[in-house]
Amino acid sequence: MMAAATKTQNLHAPVLVAGLGLTGWSVVRYLYARGEAMVVTDTRDNPPFLDQLYASYPEVPFVANLPNNKIKGYREIIASPGLAVAADHAIGDIELFAREAKAPIIGVTGSNGKSTVTTLVGKMLNSAGYTALVGGNIGTPALDLLELPVPDFYVLELSSFQLETTLSLSPCSAVVLNISEDHMDRYSNLQEYASTKFRVYEHANCSVINRDDALVRQYGKKDGGISFGLDQGAKGQFGIIEDEGGEYFAVGQKKLAPITDLTLQGKQNISNVLAAMALIDCAGLELSTPMIEAAMRYQGLPHRCELVGSWYGVKWINDSKGTNVGATLAAINGAEKPVILIAGGQGKGADFLALKAAVAKSVKAVILIGEDALIIADAIEAGEKAEIAKSLRRAIELAANQSEAGDTVLFSPACASFDMFRSYEHRGEVFRRLVKERHDAE
């Protein structure tokens with residue numbers, strides 16, 4: 001099950017599991033079930049699943065803060081996605097999964113839209129009678145999927161961190177949805193980050209390319225594959241066509257469904273649906289009527305351009321999952337104008353200058369919160385449009401006071417949440433609750 005050891009590794013040494021969060025805990029259970037000797041480490045003294053480790057596998061040693069100079073003696077290192085382990089023999093849970101998976105894999109990565117597209121592909125396949133198991137960087141850890149009956153397809157969301165430590169993944173169909181600055185506190189530049197994402201294509205049987213993204217399109221020139229975009233596609237390519245005054249999802253000249261049938265809102269979600277269609281086509285399946293109907297009905301995931309409600313003609317949108325500049329740009333471009341934008345948090349070293357033009361064109365007011373509020377204000381040069389709020393509650397009050405019928409209040413932070421909240425989910429839940437509390441009280 002494990003990879004062959006190198007000359008510097010001891011064949012009889014245990015495996016090191018680095019990180020004991022949700023992914024690491026799935027690795028421990030996977031290895032234990034297969035009789036692998038292991039040691040578990042974490043940079044935290046009390047990681048999330050330590051009590052479960054002690055209770056379930058008391059014979060498995062745990063060592064806190066194992067120094068780097070001590071890890072080379074282990075036969076293999078299974079690193080959790082959040083950890084950058086400096087060792088040639090470090091792999092991740094997706095690599096273990098790829099070695100054992102007995103069904104075709106559809107791989108989805110990109111800076112934004114991964115969870116939406118991954119979930120959507122799963123729903124489209126299941127609607128047509130195929131069994132599709134969804135997991136990876138979303139919901140169920142990949143290794144836990146191996147404990148279920150073998151499906152027709154695995155559909156995996158894959159982060160750049162997971163792809164760093166994956167060597168054997170051979171998807172039947174794979175996509176990099178888009179590339180925008182993210183995790184610049186981990187990568188030296190955008191090209192390094194993009195190259196990590198493009199690893200999903202290395203052994204793919206069929207690649208899906210986004211024509212609307214410059215970096216992905218450039219890669220596609222070398223790779224070929226099936227493409228999608230918001231323009232009209234050539235024969236066999238996915239896009240949008242106009243006919244009799246309406247717009248349609250299409251492959252080449254063939255109309256698939258009217259755009260107006262789509263439940264999801266925003267241009268970014270039109271692109272996401274096209275990507276899902278292309279992935280299924282790329283996997284060698286015919287896009288059936290049940291698949292297309294499932295795509296049109298799909299209501300989306302929480303905290304991703306989610307409509308909280310509409311009061312006095314003003315829409316309130318929760319896009320707390322907008323944790324980077326690219327996601328917020330997509331949300332602004334996809335929202336009904338004019339927009340009142342609430343943004344801010346931990347910027348992860350991002351360049352917020354990319355928001356400047358969109359704010360100038362489509363945003364009537366910007367309310368900034370969190371650790372990097374002033375950095376964002378300087379970058380977007382919004383002048384009197386921009387205001388700093390000390391809390392999310394205050395930001396909502398300011399947005400409500402400035403809004404009028406026809407406006408959209410968009411909460412899309414372009415930042416991580418950890419300066420003020422436990423997670424983007426927690427942040428979105430707080431936003432949703434505060435907005436509803438405010439309007440219920442009126």
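Sorting Asp261, Asp212, Asp42 by the number of Cβ atoms found within 10 Å of their own Cβ, with the fewest placed first, yields Asp261, Asp212, Asp42. Using alpha carbon centroids, what distance separates the stretch 86-136 and the stretch 343-414, in Å? If we compute the Cα centre of each part, the gap is 34 Å. Where only DSSP H runs of four or more residues are counted, the chain gives -9500 deg cm²/dmol as its mean residue ellipticity at 222 nm, each run worth -39500 (n - 2.57).
Dividing the convex hull volume of the alpha carbon atoms of the stretch 1-125 by its residue count gives 138 Å³ per residue.
When Leu53, Leu158 are sorted by how many other C-beta atoms sit within 10 angstrom of their C-beta, beginning with the fewest, the order is Leu53, Leu158. Seen from all directions on average, the stretch 95-297 presents a Cα convex hull projection of 10.8 nm².
Roughly how many debye, to the nearest 20, is the charge dipole of the stretch 306-440 about its Cα centre, given +1 on each Lys and Arg Cβ, -1 on each Asp and Glu Cβ, and no other charges? Provide the component values of the computation, followed by the final result.
Details: 17 positive and 18 negative charges, 40 e Å.
Once rounded to the nearest 20, the dipole reads 200 debye.
With all pairs of separate Cα atoms included, the stretch 42-103 yields a Kirkwood hydrodynamic radius of 13.4 Å.
Just how large is the dipole of the chain about the Cα centre, in debye to the nearest 20, putting +1 at every Lys and Arg Cβ and -1 at every Asp and Glu Cβ?
The dipole magnitude comes to about 360 debye.
Using Cα centres only, tell me the gap between the stretch 203-247 and the stretch 16-67 in whole Å. The stretch 203-247 and the stretch 16-67 have Cα centres separated by 43 Å. Within a straight-line Cα-Cα reach of under 17 Å, Lys361 can be paired with the following lysines, leaving aside sequence neighbours fewer than 8 residues apart in one chain: Lys267, Lys337, Lys385.
Counting only DSSP beta bridges whose two residues both lie in the chain, roughly 25 percent are antiparallel.
Would you mind giving the average projected area, over all directions, of the Cα convex hull of the stretch 184-301 in nm² with one decimal?
8.5 nm²
Cysteine residues of the chain whose C-beta has no other cysteine C-beta under 4.7 angstrom: Cys172, Cys305, Cys415.
For the stretch 318-442, the Kirkwood estimate of the hydrodynamic radius, built from every pair of different alpha carbons, is 14.0 Å. Taken one residue at a time, the phi angles of the stretch 65-80 give Karplus couplings (6.51, -1.76, 1.60, θ = phi - 60°) of 6, 5, x, 4, 6, 9, 8, 5, x, 7, 5, 7, 10, 9, 9, 5 Hz. Gly and Pro are set to x. Relative to the globular-protein estimate of 2.2 N^0.38 Å, the Cα radius of gyration of the chain stands at 1.02.
Quote the Stokes-Einstein diffusion coefficient, in whole µm² s⁻¹, for the stretch 264-315, based on the Kirkwood radius over alpha carbon pairs, a temperature of 10 °C and a viscosity of 1.306 mPa s.
After rounding, the answer is 125 µm²/s.
Taking a quarter of the surface of the Cα convex hull of the stretch 69-131, what do you get in nm²? Mean projected area for the stretch 69-131: 5.9 nm², to one decimal.
Read the figures in this text as sums done on the coordinates, not as results from a lab. The model shown is predicted, which means the values in this text are computed figures rather than measured ones. For neighbour counting, all protein chains shown are included, and Cβ atoms are generated from backbone atoms with ideal geometry for every residue, glycine included.
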